[in-house]
1. Given the conditions (1) surrounded by 15 or more Cβ atoms within 10 Å (Cβ to Cβ); (2) basic (Lys, Arg); (3) farther than 26 Å from A:Ala112 by Cβ, and given that B:Lys57 satisfies all but one, which numbered condition is not satisfied?
2. So for region A:88-107 (the condition being part of a helix (DSSP H, G or I), in contact with a helix residue (DSSP H, G or I) (Cβ under 8 Å, 6 or more places away or on another chain) and within 15 Å of B:Pro30 (Cα to Cα)), does at least one residue qualify?
3. Please go through (1) assigned to a loop (DSSP other than H, G, I, E, B); (2) crowded, with 21+ Cβ neighbours inside 10 Å; (3) at pLDDT below 95 for B:Ile72 and return the number of the only condition it doesn't satisfy.
4. So which residues in region A:5-19 are touching a Leu at 6+ places or on another chain (Cβ under 8 Å) and either more than 14 Å from chain B (Cβ to nearest Cβ) or modelled with pLDDT under 95 (or both), if there are any at all?
5. Looking only at region A:29-40, which residues are under 16 Å from A:Leu11 (Cα atoms) and out of contact with any Leu (no Cβ under 8 Å at 6 or more places or on another chain)?
6. Name every residue in region A:64-114 that is of a type in the set (Lys, Arg) and modelled with pLDDT of 95 or more, in order of residue number.
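The values are calculated or read from the model by the stated rules, or taken from the named source; none is laboratory data. What you are looking at is a predicted structure, and each value in this text was computed from that prediction instead of being measured. Backbone-built Cβ (ideal geometry, glycine too); neighbour counts: all protein chains shown.
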Amino acid sequence: MNQASEKNLDLMKSFAESYAKRTGTYFCVDPGVTAVVLEGLAKHKEDLGAALCPCRHYEDKEAEVKATYWNCPCVPMRERKECHCMLFLTPDNDFAGDLQSITTEEIRTLTAQG
Amino acid sequence: MSEATQVTDASFDSEVLESEVPVLVDFWAPWCGPCRMVAPVVEEISKDYDGRVKVVKVDTDKNPSVANKYGIRSIPTLMIFKGGQKVDMVVGAVPKTTLANTLDKYL
């Protein structure tokens with residue numbers, strides 16, 4: 001599995017960190033989850049031009065990007081703080097950690113073995 | 001250590017639909033965080049139910065036909081097949097007990 005480019009990964013990392021702070025949500029207690037999702041978002045950004053949710057299956061990814069519903073932050077997240085990818089977790093979630101940041105190095109290390 | 005077999009579009013019918021025992025299918029994708037969380041649970045189930053339930057995995061990115069056929073949307077989706085039919089499903093990174101209780105209904 002190829003990793004995303006530095007540029008797109010940094011873009012998604014910065015977005016996720018500021019969005020978590022803005023919405024009062026936290027990253028998963030398992031940083032491997034955060035890392036995998038950020039790589040997935042960055043790869044979609046690279047391949048499709050938009051950060052389509054990597055935790056769904058689509059029959060047609062290009063069409064989904066245009067529909068925008070599942071482009072991160074998706075509609076369920078924006079409306080109800082529901083992120084089934086477990087990238088943004090509300091503090092009452094059993095899997096919520098206490099961090100709103102992750103280093104690029106951590107992301108690369110945690111996704112390298114795939 | 002038993003590891004769940006990866007099943008493809010090509011092998012799905014023979015591995016899943018024609019299986020003599022119930023099959024738990026883990027529909028996953030490489031860049032899905034909760035898939036990573038549920039993977040060890042699926043492995044444990046595979047060991048606990050050895051011989052009684054077959055446990056397999058389908059990478060939805062590489063095998064879109066099967067994923068489309070069964071209407072997979074949110075991943076991970078864990079689907080149970082018995083006698084060639086889909087009989088139940090659980091969506092998301094669920095605890096082991098939830099998965100075990102669902103499976104027990106079909107044994």
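1. Of everything listed in (1) surrounded by 15 or more Cβ atoms within 10 Å (Cβ to Cβ); (2) basic (Lys, Arg); (3) farther than 26 Å from A:Ala112 by Cβ, B:Lys57 misses just condition (3).
2. Restricting attention to region A:88-107, the residues satisfying the condition of being part of a helix (DSSP H, G or I) are A:104-107.
Pick out the ones that are also in contact with a helix residue (DSSP H, G or I) (Cβ under 8 Å, 6 or more places away or on another chain) and you get A:104, A:106-107.
Next cut, within 15 Å of B:Pro30 (Cα to Cα) only: A:107.
Taking every residue of region A:88-107 in turn, at least one turns out to be part of a helix (DSSP H, G or I), in contact with a helix residue (DSSP H, G or I) (Cβ under 8 Å, 6 or more places away or on another chain) and within 15 Å of B:Pro30 (Cα to Cα).
3. Here B:Ile72 clears every test but (3).
4. A:Lys13, the sole residue that qualifies.
5. A:Gly40
6. A:Lys66, A:Arg78, A:Arg80, A:Lys81
Residue-wise test of (1) within 17 Å of B:Ile75 (Cα to Cα); (2) modelled with pLDDT under 95; (3) aliphatic (A, V, I, L, M); (4) out of contact with any Lys or Arg (no Cβ under 6 Å at 6 or more places or on another chain).
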{"site": "B:Phe12", "(1), (2), (3), (4)": "no, no, no, yes"}
{"site": "B:Glu15", "(1), (2), (3), (4)": "no, no, no, yes"}
{"site": "B:Pro30", "(1), (2), (3), (4)": "yes, yes, no, yes"}
{"site": "B:Arg36", "(1), (2), (3), (4)": "yes, yes, no, yes"}
{"site": "B:Asp48", "(1), (2), (3), (4)": "no, no, no, yes"}
{"site": "B:Val53", "(1), (2), (3), (4)": "no, no, yes, yes"}
{"site": "B:Lys62", "(1), (2), (3), (4)": "yes, no, no, yes"}
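Yes/no per residue for (1) surrounded by fewer than 18 Cβ atoms within 10 Å (Cβ to Cβ); (2) at the interface with chain B (Cβ under 10 Å from one of its Cβ atoms); (3) in a loop (DSSP other than H, G, I, E, B); (4) free of Cβ contacts under 8 Å to residues at least 40 places away in the same chain:
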{"position": "A:Lys21", "(1), (2), (3), (4)": "yes, no, no, no"}
{"position": "A:Thr34", "(1), (2), (3), (4)": "no, yes, no, no"}
{"position": "A:Ala42", "(1), (2), (3), (4)": "no, yes, no, yes"}
{"position": "A:Lys45", "(1), (2), (3), (4)": "no, no, no, no"}
{"position": "A:Pro54", "(1), (2), (3), (4)": "no, yes, yes, yes"}
{"position": "A:Ala63", "(1), (2), (3), (4)": "yes, no, no, yes"}
{"position": "A:Glu79", "(1), (2), (3), (4)": "yes, no, no, yes"}
